[in-house]
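**Q** Here it is, the structure, as structure tokens.
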């Protein structure tokens, strides 16, 4: 078979010359297409990923209020963000989540910190060495409602704290050396509202403890998220975490009455894989 270019240049037979020009041109196009043009398959439709992974490191600069002490006497205290930064030695916060396209997922939150010594309080001084970890693990079920998303979750929150505190006040001196760890069951919900293509409002709350670990604990978050791209977003929220527990004596340590609330701004960066 001749290439289309040669076919177009070759002289036509007499009977073909009387055929309409359109027929000759159509034959040339058909022959040329059969010879030279490859068959192009339509693009394959992109398959939706079965799983989405979200990783969000964040910084939390909180204020701490509450009571810590022995069963015989307690100490009311208040540590602001400056006090915490003065004694902050090492720590970090990170959130991770894996979500299936069905709406089911698994979420984890991990907070760890080491606080050094030398905190001034209103009525005296506290020299403290505190190593603390809080680890949350929950099963999440997402319900998408157009511009709204509701997550229902349930799981556990594990607390682990080693405390060595020397208290010196105008009224008494005391030393508390102990360590404790416990696990609270938790149930909660998280709500997102899409205000615009870039902005979302975020609300979250849960309760736990119920006497299984602590007497009672609760967590609340409210703030906003700004989308930097399809995969990345910036978050600014206010987070409050509270726990009420009387820790038993461990070894030679003294029992601790622990009733504290940690609250403050949280700044995070979320990336979706």
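The values are calculated or read from the model by the stated rules, or taken from the named source; none is laboratory data. Remember, it's a predicted structure, so these values are computed and weren't measured experimentally. Don't worry about glycine lacking a Cβ; one is built from the backbone with ideal geometry, like all the others, and counts go over all protein chains shown.
**Q** Within segment 208-229, track down each residue that is assigned to a loop (DSSP other than H, G, I, E, B) and touching a residue at least 12 places away in the same chain (Cβ under 8 Å).
**A** 209, 210, 212, 213, 214, 215
**Q** Still on this structure, please answer the following. Filter segment 176-186 for residues that are modelled with pLDDT of 70 or more and either surrounded by 14 or more Cβ atoms within 10 Å (Cβ to Cβ) or over 22 Å from residue 219 (Cβ atoms) (or both) and give the result.
**A** Scanning segment 176-186 gives 179, 180, 182, 183, 184, 185, 186.
**Q** For segment 55-83, which residues satisfy the criterion of being surrounded by 17 or more Cβ atoms within 10 Å (Cβ to Cβ) and either modelled with pLDDT under 60 or not assigned by TED's automatic domain parsing to the domain that holds residue 179 (or both)?
**A** 70, 75, 77, 79
**Q** Restricting attention to segment 254-267, which residues are more than 17 Å from residue 219 (Cα to Cα) and either surrounded by fewer than 16 Cβ atoms within 10 Å (Cβ to Cβ) or modelled with pLDDT of 85 or more (or both)?
**A** Result: no residue meets the conditions.
**Q** Farther than 24 Å from residue 97 by Cα, without any contact (Cβ under 8 Å) to a residue 24 or more places away in the chain, in the same structural domain as residue 226 (by TED's automatic domain parsing) and loosely packed, with under 14 Cβ neighbours inside 10 Å, is that true of residue 173?
**A** yes
**Q** Condition check: more than 17 Å from the chain's Cα centre (by Cα) and modelled with pLDDT under 95. Does residue 127 satisfy that?
**A** The answer is yes for residue 127.
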